[in-house]
Amino acid sequence: MLLACGLAPAAGLEQRLASPDGKIVLTVQQKTDAAGKRALYYSVNYGGQTVIRESLLELRLDNHLSESAMALPVDRRARWFENLAVTGVRRSSHDSSWTPVTGETARIRDHYQAMAIDLVKDDNPVYKLSLEARVYNQGVALRFAFPENEKGSYYRVIGEDTEFALPAGTRAWFHGWAQAPYQLLPLRDWPDQSERPLTLELPNGLHVALLEAQMVDYARTKFKLSADKPDTLVTAMHDAADLISPFATPWRGIMIAATPAQLVENNYFILNLNQATPLADTAWIKPGKIMRVMTQTTAAAKANIDFAARHKLEYILFDWKWYGPAFSFDSDATKVAIPDFDLPAIIAYAKARGIGVWLYVNQQALLTQSDTLFQTYRDWGVKGVKFGFVQVGSHRWTTWVEKAIRQAAAAGIMVNIHDDWRPTGEQRTWPNLLTSEGIRGNEEMPDATHNTVLPFVRYLAGAADYTICYYDPRIKTTHAHQLALAVIYYSPLQTLYWYDKPEMSQDEPELAFWDRVPTVWDETRVLDGAPGRNVTIARRSGKEWYVGAITNNDARTVPLKLDFLAAGQRYEATIYADDAQAPTRTKVGIRRQAVDANTVLTLAMPASGGQALWLRPLDSPAQAR
């Protein structure tokens with residue numbers, strides 16, 4: 001419904017939009033300066049507290065080549081928005097729920113108030129656009145949408161200057177690339193641009209995350225410090241995006257929470273800013289646990305398959321170079337290049353034992369062979385492909401990787417993308433994208449403090465493949481800490497035993513926790529935590545609950561209230577904890593006790609330690625331990 005139209009260009013604009021619960025208020029204004037130039041601004045408040053001060057909304061476009069070719073007026077304004085006139089304001093509301101194919105909860109609510117401010121170039125009416133805004137109880141999202149251009153002009157977006165002016169004293173969990181370490185820095189003197197999501201700690205106690213959603217036909221945008229405005233961040237596009245209307249820019253998301261735990265519980269926010277899946281059949285998308293085969297021979301593959309079957313994993317992975325030098329265009333990803341590696345026999349052996357096979361393919365082979373490669377793998381009986389060393393950031397490589405995900409979906413192949421690429425919620429649209437890296441995980445062997453940061457930053461973008469290890473001597477945490485990560489870190493395709501081999505295992509009794517832990521969930525509760533300190537997460541699958549708790553590099557004792565359990569129901573808690581007196585080399589003790597919703601457990605964790613818990617209703621049939 002059109003609520004406002006025909007505003008005089010100099011009259012200005014001020015519109016407010018509140019979240020369904022009324023706590024978050026977005027204000028959008030258009031202001032005109034003394035020279036008659038206009039600009040769009042926005043601000044955000046939460047419960048009456050400032051989250052975003054008045055901040056500029058702006059795109060930089062250079063369409064002069066298309067305009068010249070189409071005999072259109074050439075617009076050379078440095079600020080493309082300076083002569084936009086408001087033609088209308090449309091408001092709507094939305095409230096629905098949807099079921100993810102794989103997820104951290106069984107149902108996701110998509111509930112928001114929306115506003116679209118329609119604008120047009122006052123000297124060239126073929127250029128129309130809308131500022132689209134949504135306000136959820138979890139945050140605010142903004143983007144620009146361009147309808148079909150009646151004269152056929154193409155669009156070249158050379159920069160996006162959306163600002164985020166924050167309260168003085170705000171600090172950010174800075175990380176310069178997707179697999180970088182984290183630093184909690186003030187908004188000054190950064191060494192580089194920062195990745196997204198970017199989690200902020202405001203001086204008023206609020207926790208905010210800035211993110212990018214539905215970045216599927218655009219160039220990646222990071223965050224940089226404003227050159228002339230203190231305490232202000234600005235979007236920083238990797239490079240230009242060449243676009244054909246109709247199109248919309250990615251959503252700029254601002255998640256807001258009173259506690260860091262609430263940020264994590266609300267991480268479905270980014271999924272709601274993406275399209276529903278077009279896939280009519282998703283039954284072939286099967287989450288599960290996977291281990292990498294470290295020695296690529298037929299004998300080693302069968303040993304890994306036997307280990308996977310014994311420990312209830314669903315998949316094994318053959319990593320790079322199985323088809324030849326990964327960085328060479330001469331390598332053919334449909335031909336095995338390793339001696340003594342009978343892939344058809346291995347796939348058959350795995351299938352007979354209920355284990356699926358994934359294959360690594362580097363970008364060079366994907367680039368040249370993806371039109372037919374995924375169908376070939378489907379015919380072989382391969383279940384998934386791990387994309388390796390993909391280029392990221394540019395508009396070109398963004399659209400390429402999105403195409404490859406779609407091609408895999410068309411062939412019934414699941415996907416894991418490794419290296420510096422991060423999702424922006426497109427796993428809702430293409431649920432065959434089970435997970436991706438874009439995380440500093442156990443390939444780099446980070447310390448426990450780093451591990452406590454990840455749920456509050458990287459995991460706001462979606463599932464991540466941390467590549468959890470158990471036996472590698474380079475691990476900088478305890479074994480109970482590693483056990484707990486399988487609950488704390490969400491990944492429908494959960495990599496376990498990343499640097500491990502079957503012969504390294506003595507089938508320690510605590511592996512029973514990994515044997516039974518699911519990778520997708522009906523319900524998730526973030527019970528405690530703060531980035532850099534500790535985190536405790538409880539997740540439910542059916543009637544059973546699993547809990548993971550980790551501390552940073554310091555010893556810590558935290559209470560665990562079990563009030564999330566069903567009232568009146570007794571449970572058996574199996575607790576896996578660091579124990580220097582345990583009789584195994586891994587020093588993980590196991591104890592059991594009866595608990596209920598009134599129980600409060602005390603989790604004592606040594607430095608870099610953790611605990612993992614399995615809670616089953618006592619009226620349920622006993623399971624193998």
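The values are calculated or read from the model by the stated rules, or taken from the named source; none is laboratory data. The model shown is predicted, which means the values in this text are computed figures rather than measured ones. Glycine gets a Cβ as well: all are built from the backbone with ideal geometry, and neighbour counts include every protein chain shown. With ligands, DNA and RNA removed, areas are computed over all heavy atoms of the protein, side chains included. Shrake-Rupley method; radii C 1.70, N 1.55, O 1.52, S 1.80 Å.
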Would you confirm whether any residue within the stretch 582-598 is of a type in the set (G, A, S), touching a strand residue (DSSP E or B) at 6+ places or on another chain (Cβ under 6 Å), at pLDDT 95 or above and assigned to a loop (DSSP other than H, G, I, E, B)? yes
Would a scan of the stretch 605-612 turn up a residue that is part of a loop (DSSP other than H, G, I, E, B), touching a Gly at 6+ places or on another chain (Cβ under 7 Å), open to solvent by less than 10 Å² (accessible area, probe 1.4 Å) and not basic (K, R)? no
Determine whether the stretch 428-450 contains at least one residue that is under 14 Å from the mean Cα position of the chain (by Cα), more than 22 Å from K289 (Cβ to Cβ), touching a residue at least 60 places away in the same chain (Cβ under 8 Å) and open to solvent by less than 10 Å² (accessible area, probe 1.4 Å). no
Filter the stretch 45-97 down to the residues that are among the hydrophobic types (A, V, I, L, M, F, W, C) and under 18 Å from A18 (Cβ atoms) and list them by number. V51, I52, V89
Just to be sure, is P147 surrounded by fewer than 19 Cβ atoms within 10 Å (Cβ to Cβ), closer than 30 Å to A69 by Cα and at pLDDT 95 or above? yes
Condition first: more than 16 Å from Y360 (Cα to Cα) and either of a type in the set (S, T, N, Q) or in contact with a helix residue (DSSP H, G or I) (Cβ under 8 Å, 6 or more places away or on another chain) (or both). Now tell me which residues in the stretch 378-402 satisfy that. V392, S394, T398, T399, W400
Tell me, please, whether a residue that is part of a helix (DSSP H, G or I), of a type in the set (A, V, I, L, M) and open to solvent by 20 Å² or more (accessible area, probe 1.4 Å) can be found in the stretch 522-537. no
Would you call L57 out of contact with any Lys or Arg (no Cβ under 8 Å at 6 or more places or on another chain) and within 29 Å of H111 (Cβ to Cβ)? yes
Looking only at the stretch 34-47, decide whether some residue is closer than 30 Å to D95 by Cβ, more than 30 Å from the chain's Cα centre (by Cα) and modelled with pLDDT under 95. no
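Among the listed residues D231, D189, which satisfies the condition of being closer than 18 Å to V44 by Cα and open to solvent by 10 Å² or more (accessible area, probe 1.4 Å)?
Only one candidate qualifies: D231.
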Looking only at the stretch 252-268, and only at residues there that are assigned to a strand (DSSP E or B) and small (G, A, S), the one that is surrounded by the fewest Cβ atoms within 10 Å (Cβ to Cβ): A257
Inside the stretch 131-168, can you point out the residues that are small (G, A, S) and under 27 Å from the mean Cα position of the chain (by Cα)? A133, G139, A141, A145, G159, A165
Do you know which of the residues in the stretch 282-296 that are out of contact with any Phe, Trp or Tyr (no Cβ under 8 Å at 6 or more places or on another chain) and not aliphatic (A, V, I, L, M) is surrounded by the fewest Cβ atoms within 10 Å (Cβ to Cβ)? T295
Checking the condition open to solvent by less than 10 Å² (accessible area, probe 1.4 Å) and touching a Gly at 6+ places or on another chain (Cβ under 8 Å), which residue from A172, A209 passes? A209
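Restricting attention to the stretch 546-563, report how many residues are open to solvent by less than 50 Å² (accessible area, probe 1.4 Å) and more than 17 Å from P455 (Cβ to Cβ).
1
Just give me the residues in the stretch 126-144 being hydrophobic (A, V, I, L, M, F, W, C), without any contact (Cβ under 8 Å) to a residue 60 or more places away in the chain and open to solvent by less than 10 Å² (accessible area, probe 1.4 Å), in sequence order.
L129, the sole residue that qualifies.
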In the stretch 349-369, anything in a helix (DSSP H, G or I), surrounded by fewer than 20 Cβ atoms within 10 Å (Cβ to Cβ), in contact (Cβ under 8 Å) with a residue 24 or more places away in the chain and not polar (S, T, N, Q) is listed as Y349, K351, L367
Restricting to the stretch 475-504, count the residues that are in a loop (DSSP other than H, G, I, E, B) and either under 26 Å from N553 (Cα atoms) or acidic (D, E) (or both). 12
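For the stretch 210-228, how many residues meet the condition of being part of a loop (DSSP other than H, G, I, E, B) and either under 22 Å from the mean Cα position of the chain (by Cα) or closer than 21 Å to W173 by Cβ (or both)?
Total meeting the criteria: 8.
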Kindly check whether there is at least one residue in the stretch 106-113 that is of a type in the set (K, R) and under 26 Å from the mean Cα position of the chain (by Cα). yes
Identify all residues within the stretch 454-474 that are touching a residue at least 12 places away in the same chain (Cβ under 8 Å), over 22 Å from W358 (Cα atoms) and in a loop (DSSP other than H, G, I, E, B); write none if there are none. V457, Y471, D472, R474
Can you name every residue in the stretch 378-415 that is open to solvent by 10 Å² or more (accessible area, probe 1.4 Å), in a loop (DSSP other than H, G, I, E, B), touching a residue at least 40 places away in the same chain (Cβ under 8 Å) and closer than 24 Å to A213 by Cβ? V392, S394
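Which residue out of L317, L271, L279 is surrounded by 15 or more Cβ atoms within 10 Å (Cβ to Cβ), in contact (Cβ under 8 Å) with a residue 60 or more places away in the chain and either in contact with a Cys (Cβ under 7 Å, 6 or more places away or on another chain) or assigned to a loop (DSSP other than H, G, I, E, B) (or both)?
Unique residue meeting the criteria: L279.
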Picking from T334, T372, which residue would you name as being among the hydroxyl-bearing types (S, T, Y), open to solvent by 40 Å² or more (accessible area, probe 1.4 Å) and either within 15 Å of A300 (Cα to Cα) or not in a loop (DSSP other than H, G, I, E, B) (or both)? T372
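Would a scan of the stretch 278-292 turn up a residue that is under 29 Å from A145 (Cα atoms), hydrophobic (A, V, I, L, M, F, W, C) and more than 19 Å from the chain's Cα centre (by Cα)?
Yes, that holds for at least one residue.
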Just wondering, is there one or more residues in the stretch 297-311 that are of a type in the set (D, E, K, R), surrounded by fewer than 16 Cβ atoms within 10 Å (Cβ to Cβ) and part of a loop (DSSP other than H, G, I, E, B)? no
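So that you can scan it fast, the table gives a plain yes or no per residue for (1) more than 30 Å from the chain's Cα centre (by Cα); (2) more than 25 Å from T368 (Cβ to Cβ):
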{"residue": "N304", "(1), (2)": "no, yes"}
{"residue": "A308", "(1), (2)": "no, yes"}
{"residue": "K312", "(1), (2)": "no, yes"}
{"residue": "Y315", "(1), (2)": "no, yes"}
{"residue": "K321", "(1), (2)": "no, no"}
{"residue": "F329", "(1), (2)": "yes, no"}
{"residue": "T334", "(1), (2)": "yes, no"}
{"residue": "A337", "(1), (2)": "yes, no"}
Flagged in the stretch 141-168 as within 21 Å of G425 (Cα to Cα) and not in a strand (DSSP E or B), in numbering order, are T162
